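*Asks:* Can you read through this structure? Questions will come right after.
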Amino acid sequence: MSILSARSWSPYAAGILIGLLQIPAFLLINTALGASSSFVTVVASLTAVFDPAILGIPYFKSHVATAKDWWQVALVAGVALGAFLSVKMAGTARPAMSEMWGRVMGIRSFPVRLLVAFAGGFVLLLGARIANGCTSGHGLSGLAQLAVSSMIAMAAMFASGIALSAVFKRV
Amino acid sequence: MSVFSAVIIGLAMGVLFGLALEKARVMEPGFIIGQFQFRNFTMIKVMLSAIATGLVVLAALNALGIVSLSVKAAMVGNMVVGGLLLGVGIVLAGACPGTALAQIGAGYRDAWAILAGGLAGAFTYGYFQKPIDTALDWSSAGLGNWGKVTLVDLLPGGFPTLALIFAALIVAGLVALERWRPWREEMERNDPVADAGGKARTGRSAYAAPAE
């Protein structure tokens, strides 16, 4: 299909499609789009294999309890699958790391990039869980519900992101 | 709903989500950092389009009485500090939690480290939730938990009305943004994925040879 094999879409078409996903999220799952709580579900389930007592911690227990938790895990797995199918059909598969890291942060070594990516991922999810939402849960869903919580979180996210990225060379 | 049907629905929705993130290049680390550097407005275009669509959809469903909203409580300290960390993480990772998975699907192998770091970060918050939340409870300064407050609580008019007004404002803003920064030009200039011939259009090689 030409839509799927197209190299790129307009950001507006992509945004409208993402916004429409709120319909099945609300009607079928009774929740809003989100991504970051799935990390809790996965890590709680993985660590519980080695130490079942981890599920005695209320926060972890509450994230492995319902179908909604596994819906979000499936959603983010589907995101990877969708991107995989997209690049396969369009022939736009990416290399091991973006060349942009060399230009912007001077990172040309893959192992160094892995360390920064791990640190970035750690701060990312620590922040998302502290704020109880990420760019999806707050940025897309919270703002689409005019939530004050999401306005504060997104203002803080853009503020620190803009400030930190100003330290680095231009993309 | 059974876990099985929830998973099937989630996968189907996720595939569409991932397609959109990849096709618009909004999962590109260079596009995300480019947004924070005001060099590339793709991220804000996608987000605002999705928000405006969500506003219209939820206005309709809410007006019909089909859905109730699912709003997060405004614990001010958590929102401020969590949001600040989120921004720092996005710049270092070159991704947010959802787009990290899209990067994995698109072939970026460094995104697996974002995923691993993210799992560790999620674990750390869950394990230390009580002391973290206690430290971020700024009730004494009036910045504690404001509850599930939305603009509907602060402005006249119900949710459907306000949602449609904000959707219209966003669309107007996007029209202006598109005139100032047409998306095709931004895509031409910034798209790192070389054409079939193996060369980026701008002459500047946007990517080194795949490191595999």
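The values are calculated or read from the model by the stated rules, or taken from the named source; none is laboratory data. For clarity, every value in this text was computed on a predicted model and none was experimentally measured. Every residue, glycine among them, receives a Cβ derived from its backbone with ideal geometry; neighbour counts consider all protein chains shown. Just so you know, the surface numbers come from the protein's heavy atoms only, side chains and all, with ligands and any DNA or RNA stripped out. Shrake-Rupley method; radii C 1.70, N 1.55, O 1.52, S 1.80 Å.
*Asks:* Is it the case, given these coordinates, that B:Ala116 is surrounded by 18 or more Cβ atoms within 10 Å (Cβ to Cβ) and within 24 Å of B:Val91 (Cα to Cα)?
*Replies:* No: the conditions fail for B:Ala116.
*Asks:* From the list A:Val116, A:Val112, pick out the single residue that is under 19 Å from the mean Cα position of the chain (by Cα) and either more than 21 Å from A:Leu33 (Cα to Cα) or among the aliphatic types (A, V, I, L, M) (or both).
*Replies:* Selected residue: A:Val116, the only one of A:Val116, A:Val112 that is under 19 Å from the mean Cα position of the chain (by Cα) and either more than 21 Å from A:Leu33 (Cα to Cα) or among the aliphatic types (A, V, I, L, M) (or both).
*Asks:* Any residue at all in the range A:125-145 that's closer than 30 Å to A:Ser2 by Cβ, open to solvent by 10 Å² or more (accessible area, probe 1.4 Å) and not in a helix (DSSP H, G or I)?
*Replies:* Scanning the range A:125-145 turns up no residue that is closer than 30 Å to A:Ser2 by Cβ, open to solvent by 10 Å² or more (accessible area, probe 1.4 Å) and not in a helix (DSSP H, G or I).
*Asks:* Picking from B:Phe4, B:Phe17, which residue would you name as being outside any loop (DSSP other than H, G, I, E, B) and more than 7 Å from chain A (Cβ to nearest Cβ)?
*Replies:* B:Phe4
*Asks:* Still on this structure, please answer the following. Do any helices (runs of 4 or more DSSP H) lying entirely in the range B:67-178 carry at least 2 residues that are closer than 25 Å to A:Pro24 by Cα, and which ones are they?
*Replies:* B:97-106, B:151-154
*Asks:* On to the next question. Please tell me if B:Gly98 is within 7 Å of chain A (Cβ to nearest Cβ) and in contact (Cβ under 8 Å) with a residue 12 or more places away in the chain.
*Replies:* Answer is yes for this residue.
*Asks:* Right, next: Condition (residue is within 28 Å of A:Ala155 (Cα to Cα) and surrounded by fewer than 20 Cβ atoms within 10 Å (Cβ to Cβ)) applied to the range A:74-93: is it met by at least one residue?
*Replies:* The answer is no; no qualifying residue exists.
*Asks:* While we're here: Hey, among the residues in the range B:41-65 that are over 15 Å from the mean Cα position of the chain (by Cα) and facing chain A (nearest Cβ under 7 Å), which one's surrounded by the fewest Cβ atoms within 10 Å (Cβ to Cβ)?
*Replies:* B:Leu61
*Asks:* Of all residues in the range A:46-79 being aliphatic (A, V, I, L, M) and not in a helix (DSSP H, G or I), which is farthest from B:Leu101 (Cα to Cα)?
*Replies:* A:Ile57
*Asks:* For the range A:2-9, check the following and say yes or no: at least one residue is facing chain B (nearest Cβ under 8 Å) and either closer than 16 Å to B:Leu61 by Cβ or within 16 Å of the chain's Cα centre (by Cα) (or both).
*Replies:* Among the residues of the range A:2-9, not one is facing chain B (nearest Cβ under 8 Å) and either closer than 16 Å to B:Leu61 by Cβ or within 16 Å of the chain's Cα centre (by Cα) (or both), which makes the answer no.
*Asks:* Among (1) within 7 Å of another protein chain (Cβ to nearest Cβ); (2) over 26 Å from B:Glu188 (Cα atoms); (3) at pLDDT 95 or above, which single condition is B:Phe36 missing?
*Replies:* The number of the failed condition is (2).
*Asks:* While we're on this one: Can you tell me which of B:Thr134, B:Thr124, B:Thr161 is facing another protein chain (nearest Cβ under 9 Å) and among the β-branched types (Val, Ile, Thr)?
*Replies:* Result of the check over B:Thr134, B:Thr124, B:Thr161: B:Thr124.
Per-residue answers, yes or no, for (1) open to solvent by less than 20 Å² (accessible area, probe 1.4 Å); (2) within 19 Å of A:Ala128 (Cα to Cα):
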residue	(1), (2)
A:Ile16	no, no
A:Leu21	yes, no
A:Leu28	no, no
A:Val42	no, yes
A:Pro52	no, no
A:Leu55	no, no
A:Tyr59	no, yes
A:Val64	no, yes
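*Asks:* Taking only the range B:63-80 into account, find how many residues are within 17 Å of A:Leu140 (Cα to Cα), of a type in the set (S, T, N, Q) and in contact (Cβ under 8 Å) with a residue 24 or more places away in the chain.
*Replies:* Here the count works out to 0.
*Asks:* Here's something else I'd like to know. Tell me which residues, restricted to the range A:151-171, are touching a residue at least 12 places away in the same chain (Cβ under 8 Å) and more than 7 Å from chain B (Cβ to nearest Cβ).
*Replies:* Matches in the range A:151-171: A:Phe168, A:Lys169.
*Asks:* Of all residues in the range A:113-136, how many are more than 7 Å from every other protein chain (Cβ to nearest Cβ) and closer than 24 Å to B:Lys130 by Cα?
*Replies:* Residues in the range A:113-136 being more than 7 Å from every other protein chain (Cβ to nearest Cβ) and closer than 24 Å to B:Lys130 by Cα: 0 in total.
*Asks:* Right, next: Could you check the range A:26-45 and list, in sequence order, the residues that are in contact (Cβ under 8 Å) with a residue 60 or more places away in the chain and either part of a helix (DSSP H, G or I) or more than 7 Å from chain B (Cβ to nearest Cβ) (or both)?
*Replies:* Hits for the range A:26-45 are A:Leu33, A:Gly34, A:Ser37, A:Phe39, A:Val40.
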